[in-house]
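Chemist: Take this structure first; my questions come after.
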Amino acid sequence: MTITTAVSHPNIAFIKYWGNRNDELRLPASSSLSMNLAGLQTRTAVEFDSSLRNDTLLINRDTASQDQQRRVSDFLDLVRQLASIKTKARITTESNFPSGAGIASSSSAFAALALAASTAAGLSLDEQSLSRLARRGSGSAARSVPSGFVVWQTSDKDGDSFGVSIAPPEHWALVDCIAIVSEREKAIGSTEGHKLAATSTLQAARLAGAPHRLELCTKTILDRDFSTLADLIELDCHLMHAVMMTSHPPLHYWMPASLAIMEAVRGWRRDGLSVCYTLDAGPNVHVLCPAGEADHLCARLEGIPGVIRVLRAGPGGPARIID
Ligand code: DP6
């Protein structure tokens, strides 16, 4: 039996994905845009073995929970269907960053799994098909398949919703300084959260402006226009969190230290620094800046009470097979 290994980077969304138009197919309510995070990565090995009675899954050398096993087996069923096989698989996966750290760990997990499993099953999917497949495991994984800065288009059709790179990693040396304020797993995960989005009366307003924000964000990236990007990223983050906080039941992800960092970053920007923030479904704060400012900013972030540590990542490449 051959073992196939793939690596993939998580990504941070500048224009967020929150809510689906089809939960089963993970067709998002709106298009989103993100940057892959170099240095942070998930490495996944897959081996189909006819002697196995069930799929087996080891995450960071530990046996996975039943929920994790089920989610991965359901995903492998899609791969088996595509490859017309029934064989079970042995999967081992390791990430070099904490999974509860508010970094979309499911993005790199399912991008790496989609590539390793489809290759191990004898398929040779092009980038669009691979991104569509990864999307079925976790929406944000669709954006971790292509390289650099990636747009994931919404659609009513399964065949039309996949990630496309709009610029390679070397296009713009941005750095994401991730201020970790909690390493606990979140109580309500994204999959449940997406289902609640429509219960907020604010979601319709958020979605109405989403195409314009996506277009503007694409332009600011192509033009390397940090100051427009800064305002836009924060606005899009606040809109998503406003929906979360006003859904039923409400979701509150910010902690006092998150707010202290957000306040500090806004102050630094008023003082003339090129810096802005965004938060996913968790309390940790992604502080973005041009590479030249990163040393200085990470040191400042480390000095804020409540910050446990700061991870740092520039723009990353695509999901890929390794020997
Ligand atoms: C807040 O991709 O983690 O990070 O499809 O259920 O796995 P599932 O959700 P997921 O949602 C990500 C939500 C977000 C925003 C974003 O990354 O766009």
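Just so you know, all these numbers are worked out from the coordinates, no wet-lab data involved. Bear in mind the structure is a predicted one, so any value in this text is a computation, not a measurement. Ideal geometry is used to build each Cβ from the backbone, glycine not excepted, and the neighbour counts take in all protein chains shown.
Chemist: What is the dipole size for the chain, taken about its Cα centre, with +1 at each Lys and Arg Cβ and -1 at each Asp and Glu Cβ, in debye to the nearest 20?
Modeler: Working: 31 positive and 33 negative charges, 93 e Å.
Taking the Cα centre of the chain as origin, the dipole is about 440 debye.
Chemist: Moving on. Computed FRET efficiency, Cβ-Cβ of SER65 and ILE322, R0 35 Å: what is it to the nearest 0.05?
Modeler: Once rounded, the FRET efficiency stands at 0.85.
Chemist: Pairs of Cα atoms under 8 Å, at least six residues apart: use those to get the relative contact order of the stretch 4-170, whole percent. Before the final figure, lay out the partial values.
Modeler: Numbers: 382 pairs, mean separation 48.4, N = 167.
Value for the stretch 4-170: 29 percent.
Chemist: Could you work out which residue, out of SER30, SER200, SER258, moves most in a Gaussian network model of the chain, that is, has the largest mean-square fluctuation with Cα springs under 10 Å?
Modeler: Maximum fluctuation in the GNM of the chain, among the listed residues, is at SER200.
Chemist: How far apart, in nanometres, would the label points at HIS212 and LYS86 be if each is projected 7 angstrom from Cα along the Cα-to-Cβ direction?
Modeler: Spacing of the two 7 Å Cα→Cβ label points: 5.6 nm.
Chemist: What percent does the relative contact order of the stretch 181-323 come to when contacts are Cα pairs within less than 8 Å and at least six residues apart?
Modeler: On the way: 129 pairs, mean separation 37.4, N = 143.
Computed over the stretch 181-323, the figure is 26 percent.
Chemist: Based on the alpha carbons, how large is the Rg to Rh ratio for the chain when Rh follows Kirkwood? Intermediate results must be reported in sequence, preceding the final value.
Modeler: On the way: Rg = 19.0 Å, Rh = 19.8 Å.
Reported Rg/Rh, Kirkwood definition of Rh: 0.96.
Chemist: Additional query: How long are the semi-axes of the equivalent ellipsoid of the stretch 4-170, defined as square roots of 5 times the Cα gyration tensor eigenvalues? Whole Å, largest first.
Modeler: So the three semi-axes of the stretch 4-170 are 24, 18, 14 Å.
Chemist: How large is ³J(HN,Hα), in whole Hz, for each residue of the stretch 276-292 in order, when computed from phi with the Karplus curve 6.51 cos²θ - 1.76 cosθ + 1.60 and θ = phi - 60°, using x for Gly and Pro?
Modeler: These are the phi-based 3J(HN,Hα) values: 7, 9, 8, 10, 8, 7, x, x, 6, 10, 8, 9, 9, 7, x, 3, x Hz.
Chemist: Can you give me the Kirkwood hydrodynamic radius for the stretch 226-309, using every pair of distinct Cα atoms, in Å to one decimal? Walk me through the intermediate numbers first.
Modeler: Details: mean 1/r = 0.0747 Å⁻¹.
Radius from the Kirkwood sum: 13.4 Å.
Chemist: Hey, what's the Cα Rg ratio for the stretch 171-313 versus the globular rule of thumb, 2.2 N^0.38 Å? It would help to have the intermediate numbers written out before the result.
Modeler: On the way: Rg = 15.5 Å, N = 143, 2.2 N^0.38 = 14.5 Å.
Expressed relative to 2.2 N^0.38 Å, the Cα Rg reads 1.07.
Chemist: Further, regarding this structure: Taking the Cβ-Cβ separation of GLU263 and ARG53 as r and a Förster radius of 45 Å, what is the calculated FRET efficiency to the nearest 0.05?
Modeler: On the way: r = 55 Å, r/R0 = 1.21.
Efficiency, rounded to the nearest 0.05: 0.25.
Chemist: For the chain, what's the relative contact order in percent, using C-alpha pairs closer than 8 Å and at least 6 residues apart?
Modeler: Numbers: 721 pairs, mean separation 83.0, N = 323.
Relative contact order comes out at 26 percent.
Chemist: Same structure again: Fully extended, how many nm does the chain gain between ASN96 and ASP74 (0.36 nm per residue separation, minus their Cα-Cα distance)? Please list the in-between numbers first.
Modeler: On the way: separation 22, 0.36 × 22 = 7.92 nm, distance 2.49 nm.
Fully extending the segment from ASN96 to ASP74 adds 5.4 nm.
Chemist: Need one number: nm distance between label points at MET245 and ARG184, each 7 Å from Cα along Cα→Cβ, rounded to one decimal.
Modeler: Placing both labels 7 Å beyond Cα along the Cβ direction yields 2.0 nm.
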